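First the structure, in the form of structure tokens, and then the observations on it.
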There are 2 protein chains.
Amino acid sequence: MTNQYNTGLDKNAANFVALSPLSYIERAARVYPDRTAVIYGERRQNWAQTYERCRRLASALAARGIGPGDTVAVMLPNVPAMFEAHFGVPMTGAVLNTLNTRLDAEAIAFMLQHGEAKVVLTDREFSGVMVKALAMCGTHRPYVIEVEDETAPAGYDLGEISYEDFLAQGDPGYSWSLPPDEWDAIALNYTSGTTGNPKGVVTHHRGAYLNAASNVISWQLPHHATYLWTLPMFHCNGWCFPWTMALIAGASVFLRKVDPTHIFELVREHHITHLSGAPIVYSLLINTPDSLREGITHKIHGQIAGAAPPAAVIEGCERVGIELIHVYGLTEVYGPAAVCAKQAHWEGLSIEERAQLNGRQGVSAPMQQAIAVLDPETMEPVPADGETMGEIFFRGNVVMKGYLKNPGATEEAFAGGWFHTGDLAVMYPDGYVKIRDRSKDVIISGGENISSIEVEDALHRHPAVMLAAVVAMPDARWGEVPCAFVELKPDAQATGEEILEFCRQLLARFKVPKRVVFGALPKTSTGKIQKFVLRGQVKSTSAIE
Amino acid sequence: MTNQYNTGLDKNAANFVALSPLSYIERAARVYPDRTAVIYGERRQNWAQTYERCRRLASALAARGIGPGDTVAVMLPNVPAMFEAHFGVPMTGAVLNTLNTRLDAEAIAFMLQHGEAKVVLTDREFSGVMVKALAMCGTHRPYVIEVEDETAPAGYDLGEISYEDFLAQGDPGYSWSLPPDEWDAIALNYTSGTTGNPKGVVTHHRGAYLNAASNVISWQLPHHATYLWTLPMFHCNGWCFPWTMALIAGASVFLRKVDPTHIFELVREHHITHLSGAPIVYSLLINTPDSLREGITHKIHGQIAGAAPPAAVIEGCERVGIELIHVYGLTEVYGPAAVCAKQAHWEGLSIEERAQLNGRQGVSAPMQQAIAVLDPETMEPVPADGETMGEIFFRGNVVMKGYLKNPGATEEAFAGGWFHTGDLAVMYPDGYVKIRDRSKDVIISGGENISSIEVEDALHRHPAVMLAAVVAMPDARWGEVPCAFVELKPDAQATGEEILEFCRQLLARFKVPKRVVFGALPKTSTGKIQKFVLRGQVKSTSAIE
């Protein structure tokens, strides 16, 4: 029998359009042309001007032959050109490759070559690395556009042309097209692999469109919110927030560096309502003198991700008027794809209990289909008992196309019809996920699993501790034992024995670290602690002993 | 050259899921199981219970053989079963056909037969019409499920089974599936054609998913909003709000009839934050004694559509604390697909000026691609001068699949790659659309076009006028002249001459009505004034004269 609803009711130009976040900037410029889009130092741009600049960029790129399937890389801090590239590059059909500005020349050269970048936008701050990386590209050197910024530190001027001169070649009325297929790639982001070559995560227009909207719905973002770019835009395209800001016609306040003094100036001057970042960003903000926050009385909404936020950070933010929402994700799912959605009945609980509940990774974001904690062998859900560990999996429209030119890794990542995160977690009875560890971060001591995060949580409760990380240390008797690395708050003091005694109050004896090492912790550009560096330190020390 | 981004990066079960608003209720029940979903009289249901009931409905329907391509009709007021049908029916893959409860037996019989409904849910209030309509279906009589409600007026018990008994047959854990294709039909809504047979508008899961989200973003709907169902759910599936409420895990307050006294009781008791409706709903609310509103101090957000809201209504709502947003659409675009988005600089203007600006149909909704005013001959945009009339067209993902079994009408509706609304409008320099008239409502007097809406706007400014409608009246000299039909406010008085003199102050002489007829205006179930009835009256009177 034929289905009457499938006859003569096909897609056509009137009723089907590719989902793309580029539609958001077209609407922002059309409906709110005069609203502020860009704030950077003394610079202001409204949405009409910003849209014109993006079209100029697209037009000038197209005139250089850039089009569908091509890659345009950017090595930029959070400056307006970085924002504009998120629209101008995909308007040509090309793919935006945001490079992690903390990487070395070898890694950057690998990415430029692997991604086959034809053009790269760069900033003087990274010229030292870029000179070397470009030299390594040999005859495949991309066309280099220098984004000039007088606040950039000294360095080489690298480009074949300056960004402003390049834009001047473009047509502000350039008639760009939506991608022919919403499955077409929009961005390429290399994961910062700690071993081997980085993998190139390819995302698509459909997912970017949906995740940008999911951000608005999940965070209840009002129209015209003012967003401070404490989150590096090279990190999962700033969690899709360039496109989210276009959808709500909000104002973006850019900054080159995460510096607490400057941040509070910007919050005060521009009445920042929203920001995102890793726990380290919030640690910095709450561990500053109260005088910096003077005159700031409005509530700031903060999304926190990148590592499970220590309870102390959640508590500290409540104290200084930052309303935190904890989100979780990975580059492969466009940034956050899970949110620790708050429940009304949590409000009556103690700050400690709330910090515990809010510190979980939570539930799937509104437009992500599912998050699950499965036994990776059987792909069956673990019991929702808050105890049984399994691996976190995602499924839905906010999941990458796959890894560029890496069918093996792609197949592995999607085996069984779910995206494998590699994060180990438990599922609570209320359906909230809580990370216990990265697979490689679990410490196995005398046959017992120790969650490094649980030990870190205990360390973070000590009043002198600013940041802590725990890794496995080889041990002749137990196989592995926990080793704690601790960064103290400015002017705070503590001895190793004091720290250990504190841990003994909170943890089972076998989970208490066997050693405490004091000092600044090595961090990635996104504020994640580089445990592999600490593991290296542990190994070399062990070898000496 | 091959595109590296199209190789080995295909869709799979992990990264591609059909967009469907059914995903929203699954998430609401999972993340917010205990939050209230349904309030009706003394009845309360949380999201877990509501989801279970929807799954029971789907399961019981499936057990009767209902599946993809089948039609399930409902002839129901705004009661919980109507809401549940918006989830339970599509969970089976079937299509929900909401019948306009104000129609007569002939029209209902036509729809049941044309849509090939296999099952119909009905309410005692409409049993008189249904008995006749079902008789007309002969051997194609659908299976009838009676939704019992003790508050329903007296009538026949019609069903083969009661709704609750039917649900009891179903499995609350029923494992439903998303549609295999997001383009699959979700609903069938017949347009209330005033001549000829109604056309069956077929909408799809993709559009319903996107419009439900667009509602949240456009209206800045917070999580857990409390929505009062003043808008008939049979009207464009309640503008997709059943699905929107699932997306925000909000509470729906149902009511059988739009009665101002009852509405204010509900607003007070449940702290209603949001409601939608035609201008008549708001007219009723603002033209009630202040005593009814006693104790209500919170702001209510109201979406108004269905006809251009008279300035007096916009002003009246501002006065009583209803923050109106004007939206515009048609069944073919899932209800509102345009919104009169407010601009910050309007706030400083007089209430009159704001009413003028807010009375426009506005701009495309966030997830609708485009609205345009085109010359229907050339399909070129009219100048954005606020003067030149053209026809309104929509394009985007929130546009129907087409008309059921009506390829001719479908082709006509989509000619030129745009959906033709048949509404005549001008485009203002700020990109906002303002309806001047339905094509057939324009009055052509001595070769000049008179917008009936402009004349109605003038009439609505008269303090004694509650509602007004203007239609063409044949005239020997001018061809046509305007005839005004006026419904006065309760206890208000005015003479025809007073009304005309008032119009002369505001309108060019040739636009002033030549006759004023007092009395209650005929309205459709959705509050639209039935101008064809008035035209009939004009004709018969003219004939007598």
query = How crowded by other chains is B:14-27, given as the mean number of beta carbons from other chains within 10 Å of each beta carbon?
reply = 6
inquiry  = Taking a point 7 Å out from Cα toward Cβ as the label site, list the nm distances between A:HIS140 and the same residue in every other copy, smallest first.
reply    = 6.4
In segment B:1-82, GluC sites (Glu not before Pro) in a DSSP loop with at most 13 other beta-carbon atoms within 10 Å = B:GLU42
request  = Find the eigenvalues of the gyration tensor of the Cα atoms of the protein assembly as shown, then list the square roots of 5 times those eigenvalues as equivalent ellipsoid semi-axes, largest first, in whole angstrom.
outcome  = 54, 34, 28
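For A:ALA409 and A:ALA476 in one chain, what is 0.36 nm times their gap in residues minus the Cα-Cα distance, to one decimal in nm?
Between A:ALA409 and A:ALA476, full extension yields an extra 20.6 nm.
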request  = Indicate, rounded to the nearest 5 percent, the antiparallel portion of the DSSP beta bridges found entirely in chain B.
outcome  = 55 percent
remark   = Amide H contacts under 5 Å for B:GLN303, restricted to residues at least 5 apart in sequence or on another chain and with H modeled in the peptide plane, are B:LEU275, B:SER276, B:GLY277, B:ILE325
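Using a 10 Å cut-off on Cβ to Cβ distances, tally the other chain neighbours for every residue of A:272-285 and report the average as a whole number. Walk me through the numbers on the way to the answer.
On the way: counts 0, 0, 0, 0, 0, 0, 0, 0, 0, 0, 0, 0, 0, 0.
Mean partner-chain Cβ count within 10 Å for A:272-285: 0.
Quick check on chain B: helices-only [θ] at 222 nm, where DSSP H runs of length 4 and up contribute -39,500 (n - 2.57) each and the sum goes over total residues. Nearest 500, please. List each step's numbers first, then the result.
Values: 17 runs with 171 residues, N = 545.
Helix-only estimate at 222 nm: -9000 deg cm²/dmol.
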task = In vacuum, with every alpha carbon of segment A:80-154 counted as one equal point scatterer, what does the Debye formula give for log10 I(q)/I(0) at q = 0.19, 0.21, 0.27 Å⁻¹? Two decimals, please.
result = -0.81, -0.98, -1.43
request  = Output the peptides A:414-422, B:345-353, B:512-520 sorted from most to least packed, where packing is the average of other Cβ atoms within 10 Å over each peptide's residues.
outcome  = A:414-422, B:512-520, B:345-353
Nearest-0.05 FRET efficiency for A:ARG102 and A:PHE532, computed from C-beta distance (R0 22 Å) = 0.90
message = Between B:GLU323 and B:ASP259, what is the label-point separation in nm under the 7 Å Cα-to-beta-carbon projection?
response = 3.1 nm
ask   = Do any of A:LYS257/A:LYS523; B:LYS11/B:LYS401; A:LYS299/B:LYS342; B:LYS199/B:LYS405; A:LYS489/A:LYS514; B:LYS511/B:LYS539 go past 18 Å between their Cα atoms, and which?
value = B:LYS11/B:LYS401; A:LYS299/B:LYS342; A:LYS489/A:LYS514; B:LYS511/B:LYS539
Nearest-first distances (nm) between copies at A:GLU347, label 7 Å from Cα via Cβ = 2.5
Gap separating the Cα centres of segment B:206-233 and segment A:221-249, nearest whole Å = 23 Å
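Pairs of alpha-carbon atoms within less than 8 angstrom and 6+ residues apart define the contacts here; what relative contact order does segment B:365-487 have, in percent? Working shown, then result.
On the way: 224 pairs, mean separation 22.2, N = 123.
Across segment B:365-487, relative contact order equals 18 percent.
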request  = Give the chain B residue with the shortest beta-carbon distance to the rotation axis relating chain B to chain A, plus that distance as a whole number of Å.
outcome  = B:ALA213, 3
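Beyond 34 Å, how much of the Cα-Cα pair distribution for chain A remains, as a whole percent?
Values: 59034 of 148240 pairs.
Of the Cα pairs, 40 percent sit more than 34 Å apart.
Partner chain Cβ atoms within 10 Å, averaged over the residues of B:393-403 - can you pull that number for me? The partial results should precede the final answer.
Working: counts 1, 2, 6, 5, 8, 2, 5, 3, 9, 8, 2.
If you average over the peptide's residues, the count of other-chain Cβ atoms is 5.
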key: For peptides B:92-105, B:391-404, sequence by mean Cβ density within 10 Å, most packed first   = B:391-404, B:92-105
ask   = If we hang a label 7 Å off Cα along the beta carbon direction at B:GLU380, how far is it from the matching labels on the other copies, in nm, shortest first?
value = 7.0
request  = Convert each backbone phi in segment A:399-407 into a coupling constant with the Karplus relation 6.51 cos²θ - 1.76 cosθ + 1.60 (shift: θ = phi - 60°), then list the ³J(HN,Hα) values in order as whole Hz, x for Gly and Pro.
outcome  = 10, 3, 5, x, 8, 4, 6, 8, x
remark   = Of all DSSP beta bridges with both partners in the protein assembly as shown, the antiparallel percent, nearest 5, is 55 percent
remark   = One finds the C-alpha centres of segment A:443-479 and segment A:292-367 to be spaced, in Å, by 24 Å
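Given C-alpha coordinates of segment B:176-250, what is the ratio Rg to Rh with the Kirkwood estimate of Rh? Don't skip to the answer; put the middle values down first.
Working: Rg = 14.0 Å, Rh = 13.7 Å.
My calculation puts Rg/Rh at 1.03.
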task = Mind giving me the nanometre distance, one decimal, between the label points for A:GLU150 and B:HIS271, set 7 Å out from Cα along Cα→Cβ?
result = 5.2 nm
request  = Could I have the simple spin-label model distance between B:ALA492 and A:ASP165, label points 7 Å from Cα toward Cβ, reported in nm to one decimal?
outcome  = 6.9 nm
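When averaged across all projection directions, what area in nm² does the alpha-carbon convex hull of segment B:44-125 cover?
Values: hull surface 21.7 nm².
The directionally averaged projection comes out at 5.4 nm².
I'd like to compare A:462-471, B:167-176, A:263-272, A:423-432: which one has the highest average count of other Cβ atoms within 10 Å, and what's the full order after that? Mind dumping the intermediate values first?
Details: A:462-471: 21.8, B:167-176: 15.1, A:263-272: 17.6, A:423-432: 19.8.
Output ranking for A:462-471, B:167-176, A:263-272, A:423-432: A:462-471, A:423-432, A:263-272, B:167-176.
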ask   = How big is the gap, in Å, between the Cα center of segment B:410-432 and the Cα center of segment A:140-196?
value = 38 Å
inquiry  = As an exercise, take the mean of 1/r over every pair of distinct alpha carbons in segment A:252-389, invert it, and state the Kirkwood radius in angstroms.
reply    = 16.5 Å
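Readers should treat all values here as calculations from the given coordinates under stated rules, not as data from a laboratory. Everything quoted here is computed from the prediction, not taken from an experiment. Cβ: placed from backbone, ideal geometry, glycine included. Neighbour counts: every protein chain shown.
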